[in-house]
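The values are calculated or read from the model by the stated rules, or taken from the named source; none is laboratory data. What you see is a predicted model, and the numbers here were worked out from it, not measured in a lab. We place every Cβ from the backbone using ideal geometry, glycine too, and count neighbours over all the protein chains shown. Just so you know, the surface numbers come from the protein's heavy atoms only, side chains and all, with ligands and any DNA or RNA stripped out. Shrake-Rupley method; radii C 1.70, N 1.55, O 1.52, S 1.80 Å.
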2 protein chains.
Amino acid sequence: MNSAHAQMSVDANTINRIADEGYNRGQVVNLAEYLTDRIGGRMTNSPAMREAEKWSQSMFRSWGLDVRTDAFEFGRGWWIESAHSRMVSPRPLELHSIPVAWTPATKGPVAADIVVAPIRNVRDLASWKGKLKGKIVLVSYPEPPKDDLGPAFKRLDDAEIGKLNAYRQPSYDPERPEMLKRYLELGKELNRYMAAEGALALVKMSRGNNGLVHGEGRFYKVGETPALPEIEMAAEDYRRLARLAKTGPVKLEIDSRVHFDDRDTNGYNILADIPGRDPKAGYVMAGAHLDSWVAGDGAADNGAGSVVVMEAARILSALHVKPKRAIRFALWSGEEQGLIGSSAYVAHYLAKRPVSTDPVLAKMPSYYWDTYPIMPLPGFNDMAAYFNLDNGSGKIRGIYAEGNFAAVPVLRNWLAPFDSLGASKVVAAPTGSTDHVMMTRLGLPAFQFIQDPLDYGSQVHHTNLDTFDHLRTEDLRQAAVILATVLLQAADSDQPLPRNVLPSQPTATDPFLYRDPKND
Amino acid sequence: MNSAHAQMSVDANTINRIADEGYNRGQVVNLAEYLTDRIGGRMTNSPAMREAEKWSQSMFRSWGLDVRTDAFEFGRGWWIESAHSRMVSPRPLELHSIPVAWTPATKGPVAADIVVAPIRNVRDLASWKGKLKGKIVLVSYPEPPKDDLGPAFKRLDDAEIGKLNAYRQPSYDPERPEMLKRYLELGKELNRYMAAEGALALVKMSRGNNGLVHGEGRFYKVGETPALPEIEMAAEDYRRLARLAKTGPVKLEIDSRVHFDDRDTNGYNILADIPGRDPKAGYVMAGAHLDSWVAGDGAADNGAGSVVVMEAARILSALHVKPKRAIRFALWSGEEQGLIGSSAYVAHYLAKRPVSTDPVLAKMPSYYWDTYPIMPLPGFNDMAAYFNLDNGSGKIRGIYAEGNFAAVPVLRNWLAPFDSLGASKVVAAPTGSTDHVMMTRLGLPAFQFIQDPLDYGSQVHHTNLDTFDHLRTEDLRQAAVILATVLLQAADSDQPLPRNVLPSQPTATDPFLYRDPKND
């Protein structure tokens, strides 16, 4: 190893100027307010997402970056104008619910008695034949709540970060894609069957407690419109209905004004570049997904990552940096439906892989494929590093090296100045379920940051609580300073970051497809 | 001390029969479901409270108890038919809010631009003169959220219970009644001033985060109707409005259909007795307040206590017990407005105290008076014990002896069989803010149970989450078994429980009036 000083590719003065710009003239909080409060939740291809796409491009341009959009085929937009549900009898009561994404509106208020018909798989449907006509159907099991003894809000201590630094090879889990296929099949067939039986609307129970709702839905392709409106109800309200239904009739009213938007079925990734000195040296990249779910304002998931990426771009532009390699900033779309935007980037610039031979998987995002051989494209060698932000708004505590062992000491040296900001740990562990995995799976030096969890996993992820108040502004500033510095180090280093091997068989690290042995 | 066996006033077989009846033929969960799901939130004198009063009397009667109601002067009922609020611009968004209790309805939907006019005291009002006409006014400071690092759901371990067993004498805090007076004055004057300025409605910020709303209000006397409707909004939604208002106009729509009910301004305590063998031996008593706030279903506060008291009555009736002393079961009303029902019981049966010489306090519930001498009534000596339940639905872990040191070993002996149920600790510490304090303040042997906190303090107390799902059914069964046994022990013991001295000066233990030194 070289000495720490020799490893620093950026001069010390520049690091301090980045911190000064981020902390003393920072704009990340203003960006977060505009994106979450003013624009709000940004479902892929929704009008709000279109507004966010325009706004973020205009911001990048105002800072002097080269901006472009890359289109990819996605599907329809969808948005909520207003939505209410209430119990009409045995007593009047406002209920907390949200329309399920990409399901249709009610035609004005729909009021009807409920039937509790919990469905766990397609085989369960037949037993409800002839019993659902004119009813609103509650289709989830009203599983009772569990004692949740953990803290709702959490920061990591060193011991907890240390535990992350224990690499174990995930093992392939062929059940994962099969489970997803069954889930999608059940969702379609459930709606179709209930509609054929004459039901009026479907109600699902939230998978969280404490009044949280999500509204996640899956059928975003034009032509996939479900026949019946679906709403997701807070668990407390759902279970109350289910208990009351055991003692007598329960009448529910749903008024769900939602709209499809099929004007443009393309999704758009936004790419903004700071040019490098050496056109042959390739580029380094930071990315976060700009799209969100619909229940909140898409603040922690992933407004936070998006505005930190934007602020890093602003800081580096303000400093007029001229690194060896270009620096590219990406705001992805379609992440929540299966990393569709980042997958499109990979397929267009980095590498192709064979289409899945499974006819169902073949129609699903390539995130769910695990096919070989990987066929690198000419741009494969241009990507010198990718850093992803998508773990909420907690401050950066370090970097997941994602199984790229050789990169560990280099990344540690780059983080060395940030000890006092709590961000100096590099651990080998792999992470999944967000945009870097499409690159990590190719052996590229693509990483995600370790972040303090805050209340992201406990109550904010995809819920109505994903609003500005669940961000921590000091943490956003810290993350922007660190991201800007690490990007500049990667862009200006003499040697590019080590790459991982190009996989030729299932060895990838995404816990979606590969079972993490510590969970066995 | 006598041996443990000699201290038991109830034979061992009866204790086991109580446990068998409570655990194996228990009705407490059915009672809880009916009270919370079917009847729901029960503001004092509301139609739902009237329904609960009728239902609970009919249940006591069905178990063979002597039932009566005691009327006391309270004020008006109030209830919510339906209520919505939404942001109209800069973007459409459903907001989470609740009408403030005992404020009037909007006259249909009211839509207007907002003004953020945070008011901390009456002096703040003048600066808003001429700026509020035709506006919806946000009157709370949008204080930012704090990191909440504690567990949302909690059970006590022995060490934590041990810490409770450290008696310290509270010291009198003359600021407490003054603070309440200023708070009430501000509430009235705020509404009056804003109405005179031509404002259309007031919005307050919830004192909790994570979407919780409470809807607590204070002006329940006929003739005290505030001029303007008030709503309490979830903190996340309120702060979003306040941030957006800094950048441009924000339009809000409120549609609040609420109703006053002045048909009967009496509140009613429900008293149900199991007669004793010896009419001169007096009675022992258990109580819980049946009234609640309006945001949830009044489950943990205090449906839980109410149904445990009812179930203890059912169990003891089912066993046809014939104790020396009578056993009285009380369901109080008006607790949430200042222990008004239990205070009425005290003033009618137990003791008088001089009316406060402060003209404002004199009109407030006697809970806020601290006047001497206490003048015992003939019934003073009849009350041999009082046990209160009002700490949520967590299981009983022991008893607060409330500064009655001599009672500690007796209560410990009575709890001795319940070690394996986790309920064997007796601690000297005083507790406040619920119905036993009106008796403890007289030196009577009145106690509250130690209970596992669960999520009561963190998120359920007075909020929209106070629903059946936040009860724990196993804990309710345990509490009913323990309450029934302790009551029977107290009713059948040769010697009554030791009394405390009759105070002749401020020495009482209620933390509302008396500052707990550990908080200094």
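Things worth noting here:
- Rolling a 1.4 angstrom probe over the protein heavy atoms with all chains in place gives chain A an accessible area of 38 Å² per residue.
- Chain B against chain A buries an accessible area of about 3600 Å², both chains summed, 1.4 Å probe radius.
- Under 14 Å, Cβ to Cβ, from residue A:15 - net charge with Lys/Arg +1 and Asp/Glu -1: -4
- The lysines within cross-link reach of residue A:54, meaning a Cα-to-Cα straight distance under 26 Å and a gap of 8 or more places when in the same chain, are A:221, B:246, B:251.
- Degrees separating the helix A:175-196 axis from the principal Cα axis of chain A, which is the longest one: 30 degrees
- Other-chain or far-sequence residues with amide H under 5 Å of residue A:46's (modelled H): A:78
- On Cα atoms only, tilt of A:12-24 relative to the major axis of chain A in degrees: 30 degrees
- Under 5 Å, built H, 5+ apart or other chain: amide partners of residue B:297: B:466, B:467
- Accessible-area loss of 20 Å² or more (1.4 Å probe, protein heavy atoms, chain alone versus all protein chains) is found in the stretch B:456-470 for B:459, B:465, B:467, B:469, B:470.
- Other-copy label distances relative to residue B:378, 7 angstrom Cα-Cβ extension, nm: 10.8
- For chain B, the Cβ-based charge dipole about the Cα centre amounts to some 880 debye (Lys, Arg positive; Asp, Glu negative; other atoms uncharged).
- Environment charge of residue B:496, counting only residues whose C-beta is closer than 15 Å and scoring Lys/Arg +1, Asp/Glu -1: +2
- If you take all other residues with their beta carbon under 14 Å from the beta carbon of residue A:157, and give Lys and Arg +1 and Asp and Glu -1, the sum is +3.
- For chain B: relative contact order, % (alpha-carbon pairs under 8 angstrom, 6 or more apart): 23 percent
- Across the stretch B:301-314, computed HN-Hα scalar couplings (Karplus, 6.51 cos²θ - 1.76 cosθ + 1.60, θ = phi - 60°) run 10, 9, x, 4, x, 5, 6, 5, 4, 5, 5, 4, 5, 5 Hz from first to last residue, x flagging Gly and Pro.
- Farthest towards the positive end of the charge dipole of the protein assembly as shown, among the residues A:195, A:138, B:388, is the Cα of A:195, using unit charges on the Cβ of Lys, Arg, Asp and Glu.
- Order of exposure, largest accessible area first, which applies to A:335, B:51 with probe 1.4 Å: B:51, A:335
- Partner lysines for residue A:146 [C-alpha distance under 18 Å; skip if fewer than 8 residues away on the same chain]: B:154, B:395
- Against the main long axis of the alpha-carbon atoms of chain A, helix A:235-245 sits at an angle near 10°.
- Net charge dipole, the protein assembly as shown: roughly 720 debye, given to the nearest 20, about the Cα centre with Cβ charges of +1 for Lys and Arg and -1 for Asp and Glu.
- Entry note, the stretch B:1-151: relative contact order of 12 percent, from Cα contacts under 8 Å with a spacing of 6+ residues.
- Dipole-positive endmost among B:88, B:267, B:30 within chain B (Cβ charges, Cα centre): B:88
- Solvent-accessible surface (1.4 angstrom probe) belonging to residue B:23, in square angstrom, nearest 10: 70 Å²
- Farthest towards the positive end of the charge dipole of the protein assembly as shown, among the residues B:121, B:39, A:114, is the Cα of A:114, using unit charges on the Cβ of Lys, Arg, Asp and Glu.
- Estimated dipole of the stretch A:104-203 in Debye, rounded to 20 [Cβ of Lys and Arg +1, of Asp and Glu -1, Cα centre]: 500 debye
- Mean separation of Cα pairs under 8 Å and 6 or more residues apart, divided by the residue count, gives the stretch A:324-476 a relative contact order of 26 percent.
- Residue-span extension gain [residue B:259 to residue B:169] - 0.36 nm each, minus C-alpha spacing: 27.9 nm
- 7 Å along Cα→Cβ, label-point gaps from residue B:246 to other copies, nm, shortest first: 5.0
- Distances in nm from residue A:257 to the matching label points in the other copies, shortest first (labels 7 Å along Cα to Cβ): 1.6
- Shape of the stretch A:166-269, Cα gyration tensor, a/c cut at 1.5: oblate
- In terms of its C-alpha gyration tensor, the protein assembly as shown comes out prolate, because a/c is 1.5 or above and the ratio a/b outweighs b/c.
- Sequentially through the stretch A:198-204, phi angles give Karplus couplings (6.51, -1.76, 1.60; θ = phi - 60°) of x, 5, 9, 6, 10, 10, 10 Hz, Gly and Pro residues having no value and appearing as x.
- For the stretch B:305-364: rounded, prolate or oblate by the Cα gyration tensor [a/c cutoff 1.5]: oblate
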